[in-house]
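The values are calculated or read from the model by the stated rules, or taken from the named source; none is laboratory data. Quick caveat: nothing in here was measured; it's all calculated off a predicted structure. Positions of Cβ are backbone-derived with ideal geometry, glycine not excepted, and every protein chain shown enters the neighbour counts. Remember, those area values only see protein heavy atoms, side chains included, never the ligands or the DNA or RNA. Shrake-Rupley method; radii C 1.70, N 1.55, O 1.52, S 1.80 Å.
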Amino acid sequence: MIRVEVAHEPVTVRRVNGKNGPVDLREQNIYIHNGHHYPTRMRITLDRDQTPYAPGQYVLGPRSIVQGQYGEPAIGRTIELLPAPAASSTKAA
C-alpha cells in the first residue's frame, strides 16, 4: 500500500485557460511516503464540489491506478484516497 498523509493545509485555487474559457482548479497538497527518508510533497486536484480531505493518514485507492501509454501502471489524473487501516496492536508471541 502507498501511504499518503494530508497535513493541515488550505485548498488553493489556480485559474487556467480551458477550451471554453477560464477554469478554476482546486488543489490540495499531499505527502506520499514512498520509502525515501522524507515524504514527497505532491498536489492533487479536487473535483468542483469535492470536500477537501481532512488532515490524517490515507492510502492510495485502486481507482488511482490506470494503464499508462505503453501498458504500464501509472497514477491517473483522479486520485482516490482511502482512510489508512488502523495499525495492529497485537504482537507475535
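Just name the residue that is nearest to Ala84 (Cα to Cα) out of those in segment 19-28 that are outside any loop (DSSP other than H, G, I, E, B) and open to solvent by 30 Å² or more (accessible area, probe 1.4 Å).
Arg26
Please verify whether segment 63-73 includes one or more residues that are hydroxyl-bearing (Ser, Thr, Tyr) and in a strand (DSSP E or B).
no
State which residue is modelled with the lowest pLDDT when the search covers only segment 30-46 and only residues that are surrounded by 10 or more Cβ atoms within 10 Å (Cβ to Cβ) and in a loop (DSSP other than H, G, I, E, B).
Asn34
If you check every pair at least six apart or on different chains, which have Cβ atoms under 6 Å apart with a residue in segment 13-27 that is within 12 Å of Arg48 (Cα to Cα) first and a residue that is polar (S, T, N, Q) and surrounded by 10 or more Cβ atoms within 10 Å (Cβ to Cβ) second?
Leu25/Thr45; Glu27/Thr12; Glu27/Thr45
Against the definition (among the polar types (S, T, N, Q), within 14 Å of Met1 (Cβ to Cβ), open to solvent by 40 Å² or more (accessible area, probe 1.4 Å) and out of contact with any Gly (no Cβ under 8 Å at 6 or more places or on another chain)), how does Gln57 come out, yes or no?
yes
In a loop (DSSP other than H, G, I, E, B), modelled with pLDDT under 95 and among the acidic types (Asp, Glu): is that true of Asp49 in this structure?
yes
Looking only at segment 60-80, count how many residues are touching a strand residue (DSSP E or B) at 6+ places or on another chain (Cβ under 8 Å) and surrounded by fewer than 10 Cβ atoms within 10 Å (Cβ to Cβ).
2
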